[in-house]
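Note sheet for the following structure.
The values are calculated or read from the model by the stated rules, or taken from the named source; none is laboratory data. Please read these numbers as outputs of a predicted model, since none were measured by experiment. Using ideal geometry, Cβ is built from the backbone for each residue, glycine included, and neighbour counts are taken over all protein chains shown.
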Amino acid sequence: MLMKKKVVIIGPAHPLRGGLASYDERLAQEFQQKGWDTMIYTFSLQYPGFLFPGTTQYSSGPPPAGLNIHVRINSVNPFNWYSVGRELRRIAPDIIVVRYWLPFMGPCLGTILRIAKKNRNSKIVCIADNIIPHEKRPGDAVFTRYFLKPADAFVTMSAKVLDDLYRVESRKPARLVSHPLYDNFGEKISGEDARVKLGLNNNDRVVLFFGFIRKYKGLDILLDAMRILKEKAAASKAPFVRLLVAGEFYENDKPYLRQIEENGIEDIVILKTDFVPDSEVKYYLCAADVVIQPYRNATQSGVTPLAYHFETPMIITNVGGLTAMVPNGKAGLVAEPDAASIAAKIEQFYELGKSYFIPGLLEEKKKYTWDNLVKAIEELSGEVEK
């Protein structure tokens, strides 16, 4: 009888919450469906409280059914790193898939991987969300180099991250794979039903900013665009566009609240700034006419595959890897990262109409599968020399 191949995924998962956790859990499900003996090693302590900008790191929902999740890793305890490393060395999975998104994790994950790979069996494939972080801190480059050394191969989800990787590590196998669809948040529902759930008027024009709020994501630029749109609508007596902001503040909310007041847009901005649980994600994506990502800089975005899954067009800014995922005029529109350009693209979107983008969305959607990601990981591990 053939033994099942083993894979261990190292990264956030339940009881932690958020996009990384959802991604890792969905990836584990795909490995299981393909016959792998699959485990996730997640964090008992991911961030010290003073480093976490949100309200809580933990989910209040039940764990995902059928997944083997080990809550083991303490990001700040070196004794724990050695313990987890020895445990993985003993288990000797065929592949260790490790997420890398923040240099703070470099010492912890780099140490675990160095110890684990001493079993001379495990191939280490890193899914690199970022190599150069959005918000730079002292020690970033040192921590990243420490992490990269024990990794054997890499998957990136944007050309920008792949380029960043090649600047510091060009000898090891690497592959660009599109961010798969977040298809684990339920099926698409009608816009009317979604708006009833959220208490929105069915006849309103609604644009959505979705996800946690940080400076690089450009919500302040979008708020200035909304002022432009309101002034133009008032002058022409056209319908107002309303902005639905759904996501938790990961920085001080006061500048944003003050900007809303100073711009005189309190009546057209709807703030839903508590964490959005997985069970409610579909209501926001299905209620919106269009999802707006007004980022100042970006590598890739987990919001984009969400929008594809729920077949909601997007307006993105011309930064980082976003334009590779959202072809202009097909799945959405591309603006420059300034208020006037974003306002103009919102106007253009409503001139064209949502239905204009649906054929392009459906065609692009076919590219973003979990099967492609698992195949890439399997193939990369096969390229690694023992």
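General remarks:
- The residue of the range 90-103 that is nearest to Asp140 (Cα to Cα), among those that are surrounded by fewer than 19 Cβ atoms within 10 Å (Cβ to Cβ) and of a type outside the set (A, V, I, L, M), is Trp101.
- Of the criteria (1) crowded, with 20+ Cβ neighbours inside 10 Å; (2) under 15 Å from Val291 (Cα atoms); (3) touching a residue at least 24 places away in the same chain (Cβ under 8 Å), which one Lys330 fails: (1)
For (1) closer than 27 Å to Asn318 by Cα; (2) in the same structural domain as Val303 (by TED's automatic domain parsing); (3) part of a loop (DSSP other than H, G, I, E, B), each residue gets a yes or a no:
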site: Pro64; (1), (2), (3): no, no, yes
site: Arg86; (1), (2), (3): no, no, no
site: Thr111; (1), (2), (3): no, no, no
site: Ile124; (1), (2), (3): no, no, no
site: Ile132; (1), (2), (3): yes, no, yes
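- Residues located in the range 8-29, provided they are in a loop (DSSP other than H, G, I, E, B) and out of contact with any helix residue (DSSP H, G or I) (no Cβ under 7 Å at 6 or more places or on another chain): Pro15, Arg17, Gly18
- Some residue of the range 330-339 being under 23 Å from Ser22 (Cα atoms) and under 21 Å from the mean Cα position of the chain (by Cα): no
- Check on Ile265, in contact (Cβ under 8 Å) with a residue 40 or more places away in the chain, of a type in the set (A, V, I, L, M) and farther than 30 Å from Tyr368 by Cα: yes
- Residue within the range 151-169 that is modelled with pLDDT under 95, in the same structural domain as Pro48 (by TED's automatic domain parsing), among the basic types (Lys, Arg) and farther than 20 Å from Thr38 by Cβ present: yes
- Selection within the range 107-126: residues that are surrounded by fewer than 21 Cβ atoms within 10 Å (Cβ to Cβ) and under 13 Å from Ser75 (Cα atoms). The member of this set that is farthest from the chain's Cα centre (by Cα) is Thr111.
A quick yes/no check of all residues on (1) of a type in the set (Gly, Ala, Ser); (2) modelled with pLDDT of 95 or more; (3) under 30 Å from Ala153 (Cβ atoms):
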{"position": "Gly332", "(1), (2), (3)": "yes, yes, no"}
{"position": "Ile346", "(1), (2), (3)": "no, yes, no"}
{"position": "Glu383", "(1), (2), (3)": "no, no, yes"}
{"position": "Lys386", "(1), (2), (3)": "no, no, yes"}
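- Taking the criterion of being closer than 22 Å to Glu347 by Cβ, in contact with a helix residue (DSSP H, G or I) (Cβ under 9 Å, 6 or more places away or on another chain) and of a type in the set (Gly, Ala, Ser), the residues of the range 222-276 that qualify are Ala225, Ala238, Gly264.
- Members of the range 21-43 that are aliphatic (A, V, I, L, M) and either closer than 16 Å to Asp278 by Cβ or surrounded by fewer than 24 Cβ atoms within 10 Å (Cβ to Cβ) (or both): Ala21, Leu27, Ala28, Met39
- Residue within the range 284-291 that is under 24 Å from Arg227 (Cβ atoms), more than 18 Å from the chain's Cα centre (by Cα), buried (at least 23 other Cβ atoms within 10 Å of the Cβ) and modelled with pLDDT of 95 or more present: yes
- For the range 283-303, the set of residues classified as farther than 22 Å from Gly353 by Cβ and among the charged types (D, E, K, R) consists of Arg296 only.
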